[in-house]
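The values are calculated or read from the model by the stated rules, or taken from the named source; none is laboratory data. None of the values given here were measured: they were computed from a predicted structure. Ideal geometry is used to build each Cβ from the backbone, glycine not excepted, and the neighbour counts take in all protein chains shown. These accessible areas exclude ligands, DNA and RNA; they are computed on the full protein's heavy atoms, side chains included. Shrake-Rupley method; radii C 1.70, N 1.55, O 1.52, S 1.80 Å.
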Amino acid sequence: MFIMDNYITNMLTEIKNVYVKERFVSIDAKDMLRILESMGVRDDDFAALKNVGDHLAPDPTLPFRRTNGGRFCLDYSDERIYRLEFQPFVLSVEEDFVRHDSGMVRSFRGIGDNLQLNKAFQALLVLKYVIIRDVQVSPRPNIDTVSSKWVSTVYPTRTITTPNLLGEPALEGVHSDGVDHTMTSFLGSNNMRDDSACTFIHDMKEVNATRWDRTNPDLILGKFQHKKFLDTVLIVDHERKHSLSPVYAHLPQEKATRDVLIFFTRRPTRPGHISFPYDSFIPHREFPVDISIVELSPA
């Protein structure tokens, strides 16, 4: 069970205030480390988290990416987070996600205990829980906006660039992720050029699928480049779009990699939503995990 002191409470209050006002916030690695350390995370947990990208499966639709997946329930009524059973994943054009696999039902290999039992990973789930709770967002169609349960789909992801293949963290260009809140935490990179993987935050007026370098500068609301372990960004996904530049290799003849953890969080769907058939809240039987939370409300 995680307990946070007053200093961390005040830091999270400041982070949440920015998030509520701007509808996105970037958190520096040193602040993330301090927050997670206050939650009981130790050096061994951080070291293990950095290596998650070495144990991922090929992405079902993107040849330059390796990705596993896991679903977790953030249950506000019981103040607990628990692993949910496997379900396929789908994102649609109607959710501002325009790519060759839009509307395709995709299945990802599940994450294992090496990630879900890692205290740093669990603390990241708790941190997102703390920041997004009670943040009012523009609702997407066919979402249960009054539910006390949220589904958080987690994807540890490695983007790979080779001499013959350019790795694109966001091949889809300008997009949203079909959820209420998106959080991405940087885990590490190898042979990545300094101008790689810049994140751009866009006004909702920006056209979906526009490449990062062809967007309207007047509609860019923020820019981040995460290079340090646990550099993190949160985005109110239905009120801000985003895009990313590619992963370029510092030594072009060698492979370059970029590892992140992606957390997609939304309330349950209703009939008529494309994800409704895949929105089970049944606990995972083979890989159960249940995290009790001493709630910190920074609001």
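State yes or no: is residue 189 open to solvent by 30 Å² or more (accessible area, probe 1.4 Å), outside any loop (DSSP other than H, G, I, E, B) and in contact (Cβ under 8 Å) with a residue 40 or more places away in the chain? In short, yes. Residue count for the stretch 55-93, restricted to those that are among the acidic types (Asp, Glu) and either in a strand (DSSP E or B) or at pLDDT below 95 (or both): 3. Taken together, 207, 236 contain a single residue that is of a type in the set (A, V, I, L, M, F, W, C) and either surrounded by fewer than 21 Cβ atoms within 10 Å (Cβ to Cβ) or in contact with a Cys (Cβ under 9 Å, 6 or more places away or on another chain) (or both), which is 207.
Of all the numbered requirements in (1) of a type outside the set (S, T, N, Q); (2) modelled with pLDDT under 95; (3) under 19 Å from residue 232 (Cα atoms); (4) open to solvent by 30 Å² or more (accessible area, probe 1.4 Å), residue 146 misses one, and that requirement is (3). Scanning the stretch 34-50 for residues that are modelled with pLDDT under 95, open to solvent by 20 Å² or more (accessible area, probe 1.4 Å) and under 21 Å from the mean Cα position of the chain (by Cα) yields 34, 37.
Looking only at the stretch 6-18, decide whether some residue is surrounded by 13 or more Cβ atoms within 10 Å (Cβ to Cβ), touching a strand residue (DSSP E or B) at 6+ places or on another chain (Cβ under 7 Å) and not in a helix (DSSP H, G or I). No, because not a single residue in the stretch 6-18 is surrounded by 13 or more Cβ atoms within 10 Å (Cβ to Cβ), touching a strand residue (DSSP E or B) at 6+ places or on another chain (Cβ under 7 Å) and not in a helix (DSSP H, G or I).
Put simply, of 280, 297 the only residue that is in a loop (DSSP other than H, G, I, E, B), more than 30 Å from residue 162 (Cβ to Cβ), of a type in the set (Ser, Thr, Tyr) and at pLDDT 95 or above is 280. The residues of the stretch 239-270 that are farther than 18 Å from residue 92 by Cβ, crowded, with 20+ Cβ neighbours inside 10 Å and among the hydrophobic types (A, V, I, L, M, F, W, C), listed by number, are 244, 247, 249, 256, 260, 261, 263. Among the residues of the stretch 19-41, those that are assigned to a helix (DSSP H, G or I) and either in contact with a helix residue (DSSP H, G or I) (Cβ under 7 Å, 6 or more places away or on another chain) or closer than 25 Å to residue 118 by Cα (or both) comprise 19, 29, 30, 31, 32, 33, 34, 35, 36, 37, 38. I need every pair where a residue in the stretch 106-123 that is basic (Lys, Arg) has its Cβ under 8 Å from the Cβ of a residue that is open to solvent by 20 Å² or more (accessible area, probe 1.4 Å) and not in a loop (DSSP other than H, G, I, E, B), sequence separation at least 6 or different chains. From the stretch 106-123, the pairs are 106/89; 119/45. In the stretch 99-135, the qualifying residues are those that are surrounded by 15 or more Cβ atoms within 10 Å (Cβ to Cβ) and among the small types (Gly, Ala, Ser), and the one that is nearest to residue 9 (Cα to Cα) is 123.
Candidates are the residues of the stretch 21-33 that are more than 18 Å from residue 188 (Cα to Cα) and basic (Lys, Arg); the one that is least open to solvent (accessible area, probe 1.4 Å) is 23. Taken over the stretch 210-226, the residue count meeting the criterion of being surrounded by 15 or more Cβ atoms within 10 Å (Cβ to Cβ) and more than 14 Å from the chain's Cα centre (by Cα) is 10. The lone criterion from (1) outside any strand (DSSP E or B); (2) in contact (Cβ under 8 Å) with a residue 40 or more places away in the chain; (3) not charged (D, E, K, R) left unmet by residue 100 is number (2).
When residue 164 is tested against (1) surrounded by fewer than 19 Cβ atoms within 10 Å (Cβ to Cβ); (2) touching a residue at least 24 places away in the same chain (Cβ under 8 Å); (3) not charged (D, E, K, R), exactly one condition is not met: (2).
Filtered by the rule that a residue be within 20 Å of residue 100 (Cα to Cα), of a type in the set (Val, Ile, Thr) and over 15 Å from the mean Cα position of the chain (by Cα), the stretch 61-89 gives a lone residue, 61.
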